[in-house]
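Inspection log for the structure reproduced underneath, given as structure tokens.
The values are calculated or read from the model by the stated rules, or taken from the named source; none is laboratory data. If you're wondering where the values come from, they're calculated on a predicted model, not measured in any experiment. Here Cβ is always computed from backbone atoms with ideal geometry, including for glycine, and neighbour counts include all displayed protein chains.
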Amino acid sequence: MWGVFSYPRSGWDEDAEWPCDYGKEAGHALSRGVGNVVLYPLVISSGAVVPLEIMPDTVRTLSRFLPLTHLVALLRGLWFGQGRGDLLTEVAVLAGLAIVGTLIIAWTFRWE
């Protein structure tokens, strides 16, 4: 889905201004670079690519603060038939982050 927004304009609508102004290629390249710097360590250290069991202790400790870690734990628990009561921590963390994110967006969003 997000690949649609980051893909360079192909000439189908030259006057469109959304989702980004692709006339500013330096800004576009910078945003893709920053996104990659944030995304790849998040995915790798959350246990989505490499199991957390083989990671060093410091990575496992830091991964507890990543939302994707809780999502991966929730999905693995559901996939392998873990009891729903055992997954309440992950559900609570993800629900809390969703509520906080929604409140921040509602507080900062302005129609222009």
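Couple of notes before you dig in:
- Those residues of segment 45-87 which are among the polar types (S, T, N, Q) and under 13 Å from the mean Cα position of the chain (by Cα), in sequence order: S45, S46, T69
- Residue check, V59 of a type in the set (V, I, T) and modelled with pLDDT under 90: no
- Any hit, segment 103-112, residues being surrounded by 15 or more Cβ atoms within 10 Å (Cβ to Cβ), part of a helix (DSSP H, G or I) and among the aliphatic types (A, V, I, L, M): no
- Taken over segment 1-44, residues that are among the aromatic types (F, W, Y), modelled with pLDDT of 50 or more and more than 18 Å from the chain's Cα centre (by Cα) amount to 2.
- Segment 56-98, residues that are part of a helix (DSSP H, G or I), surrounded by fewer than 13 Cβ atoms within 10 Å (Cβ to Cβ) and either of a type in the set (D, E, K, R) or in contact with a strand residue (DSSP E or B) (Cβ under 7 Å, 6 or more places away or on another chain) (or both): D57, R84, D86
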